[in-house]
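Shown next, in structure tokens, is the structure this report addresses.
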Amino acid sequence: MIRLSCHGAAKQVTGSCHLIETDQASVLVDCGLFQGGRELAEENAAEFGFDPASIDVLLLTHAHLDHCGRIPLLVKRGFRGRIIATPPTRELTHLVLADSAGLQEEDARRAERHARHRGEEHAPSPLYTLADAFHSMDFFDGAASYGQRMGVAPGVHATFMNAGHILGSASIFLELEDGGSTRTVYFSGDIGNPGRPLLDDPQAPPAPPDYVVMETTYGDRDHRPWGASTLELIDAISATQVRGGNVVIPTFALERAQEVLNTLSEGMERGMLPCHLGVFLDSPMAISATEIFSRYPEAMRASFIQRLRDADPFALPGLRMTRDASESMAINQIRGGAVIMAGSGMATGGRVRHHLRHNLWNAAASVIFVGYAAQGTLARLIIDGAKHVRLFDEDIRVRARIHTINGFSAHAGQAELLGWLARCGKPRKVFLVHGDADRGMKVFSEQLQTRQLSWQIPGMGEPILLR
């Protein structure tokens, strides 16, 4: 008997965590952090809905926090199995988990100070510490190569296929033995937006699967074409330069930062942006991720590899990479003309919140969002037109120009999702996860209905038999 249950990204966008159980093995696909408003802290700290000690192997699709961010907690609560991922994912996950743990420890120290000032004895503890994060990396055992079938647990074989989402990302094809027969399940992970310059397009599964578990982040809409999106970004920066303001770009460290740098480089080469433009990559994690990119040219699109050889697009003339906090603070003394890229992409934490505090009130400045913003995040509040936002216990008026450019998304839009699914043949059932239940999932399910495909939207922890 084969059972599927979703313990994250069920009728919501973040927290991907899917469990497959057979009579011989328990396999977890991803173990991500729930992201959004502060109320999700309780959800992250809650029980998993399964016994971590019972899991034989964790297969990791990619290194984004909402897919890997609870791995240290899984280990802390008893997981002693293997974690398998591609080599770039393993390296990027180390970076992401260390950053996450550091932020949690910092938040815990801040909460402790505030509690002490209020005369309270107890303050929230971090979900996990840096020591926990480093310990969890010891469980990474074995590297997956695209297209290579490998035994991962008794009666279970996995084939990692390029998902084209971020460096090292994968969709995972599982072959599950069950009483003399075999069932196959294809987990999409996050499906990349094809045609982007850095990575190859998503791959089809090695064979038509019986079942598909797929993301629906943008199941309700398509993205603007890549070329139009890059021009929009360049135009927004140019207009801000004319006004004499700074540009703040809340940036995801993995993929988005590198794509924006590449776009700025192309803009300078074409004479659309000044070569002396001051660009600050104010994200230690994005800086390290950019270095990791350079170590895995084989994981990138051939045309981009050639571009790296001809002229490194990550080495702009006016680029300054700021690791130290003192360097970051000094950026806020610049009154205009700078492009400031900082994390986090949803503005839920990190250095970008300081840059927003110093620029949101300025009508000459611009804030450019180039990625998904979940409900409840500061990014979503600003995008939805908030006139004032709260930052560091200060009410900040929003007067800067706000731009949302969704063509930079690392996720496939609706048309690309449907195209990806068409390459899976006609599965017995498609399980929709990692999407907004009232938007992405709902609209996408209507598309599946017109194509006479059977579909289901699993609830959190709902047991589903795969017959």
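The values are calculated or read from the model by the stated rules, or taken from the named source; none is laboratory data. In this text, all values refer to a predicted model and were calculated from it rather than measured experimentally. As a convention, Cβ positions derive from the backbone with ideal geometry for all residues, glycine included, and neighbour counts pool all protein chains shown. Side chains are part of the model used for accessible areas, which takes the heavy atoms of the whole protein and leaves out ligands, DNA and RNA. Shrake-Rupley method; radii C 1.70, N 1.55, O 1.52, S 1.80 Å.
The heavy atoms of H117 offer some 140 square angstrom of accessible surface to a 1.4 angstrom probe.
What share of the DSSP beta bridges in the range 366-467 is antiparallel, in percent to the nearest 5? Kindly include the intermediate steps, with their values, before the conclusion.
Numbers: 4 of 10 bridges.
Among the beta bridges of the range 366-467, antiparallel pairing accounts for roughly 40 percent.
Entry comment: accessible area of the chain is 40 Å² per residue, from protein heavy atoms only and a probe of 1.4 Å.
With the Kirkwood sum run over all distinct C-alpha pairs, the range 1-138 has a hydrodynamic radius of 15.6 Å.
Largest accessible area first, the residues D66, D141 order themselves as D141, D66 under a 1.4 Å probe with ligands, DNA and RNA left out. For the set S303, S181, S409, the ranking by accessible area, highest first and with no ligand, DNA or RNA atoms included, is S303, S181, S409 under a 1.4 Å probe.
The residue list H388, N262, F187 was ranked by how far each Cα lies along the charge dipole of the chain toward its positive end, using unit charges on Cβ atoms, and H388 comes out on top. Across the alpha-carbon atoms of the range 180-326, the computed radius of gyration and Dmax are 18.6, 70 angstrom. I want to make sure I understand the PRE zone here: with the label point 7 angstrom from the Cα of L448 toward its beta carbon, which residues in the range 146-176 have backbone N atoms less than 12 Å away? Correct set: none at all.
For the range 17-116, give the percent of accessible area contributed by carbon and sulfur heavy atoms, probe 1.4 Å, rounded to a whole number. Display every interim value, and only then the final one.
Values: 1720 of 3750 Å².
Its accessible area is 46 percent carbon and sulfur atoms.
Placing R0 at 30 angstrom, the Cβ-Cβ distance between I287 and D23 gives a FRET efficiency of 0.05 after rounding to 0.05. Computed over the chain, the quotient of the alpha carbon radius of gyration and 2.2 N^0.38 Å is 0.96. To test your reading of the geometry: what angle, between 0 and 90 degrees and rounded to tens, separates the Cα axis of helix 440-450 from the longest principal axis of the chain? The answer is roughly 50 degrees. Calculated FRET efficiency, M150 to S294, Cβ-Cβ distance, R0 = 25 Å: about 0.35 to the nearest 0.05. By the Cα gyration tensor, the range 306-362 has an equivalent ellipsoid whose semi-axes, rounded to whole angstrom, run 25, 14, 11 from largest to smallest.
Within the chain, DSSP assigns beta bridges of which about 45% are antiparallel (rounded to the nearest 5). Write down the percent of antiparallel bridges among all DSSP beta bridges whose residues are both part of the range 14-164, to the nearest 5. If I count the DSSP bridges inside the range 14-164, around 50 percent turn out antiparallel. Restricting attention to the chain, the count of lysine pairs at 8 or more positions apart or across chains with alpha carbons under 22 Å apart stands at 4. Ordered from largest to smallest accessible area (heavy atoms of protein chains, 1.4 Å probe), the residues M460, M441 come out as M460, M441.
Which of S136, F34, P124 sits closest to the plus end of the dipole of the range 26-167, meaning its Cα is farthest towards the positive end, when Lys and Arg get +1 and Asp and Glu get -1 on the C-beta? About the Cα centre, the residue reaching furthest to the positive side is S136. The figure for V242 is an accessible area of roughly 130 square angstrom, using a 1.4 Å probe on the protein chains alone.
Nearest 0.05, what FRET efficiency do D51 and A131 give at R0 = 35 Å with Cβ-Cβ as r? Show your work: numbers first, answer last.
Details: r = 23 Å, r/R0 = 0.66.
With R0 = 35 Å, the Cβ-Cβ based efficiency is 0.90.
Express in whole angstrom the spacing between the alpha-carbon centres of the range 221-283 and the range 374-406. Each part's Cα centre sits 20 Å from the other's. Against the chain, whose longest principal axis is taken from its Cα atoms, helix 226-243 shows a tilt of about 20°. In this view, the solvent-accessible surface of E105, computed with a 1.4 Å probe and all protein chains in place, comes to about 40 Å². The distance between label points at D178 and A41 comes to 4.1 nm (points 7 Å beyond Cα on the Cα→Cβ vector).
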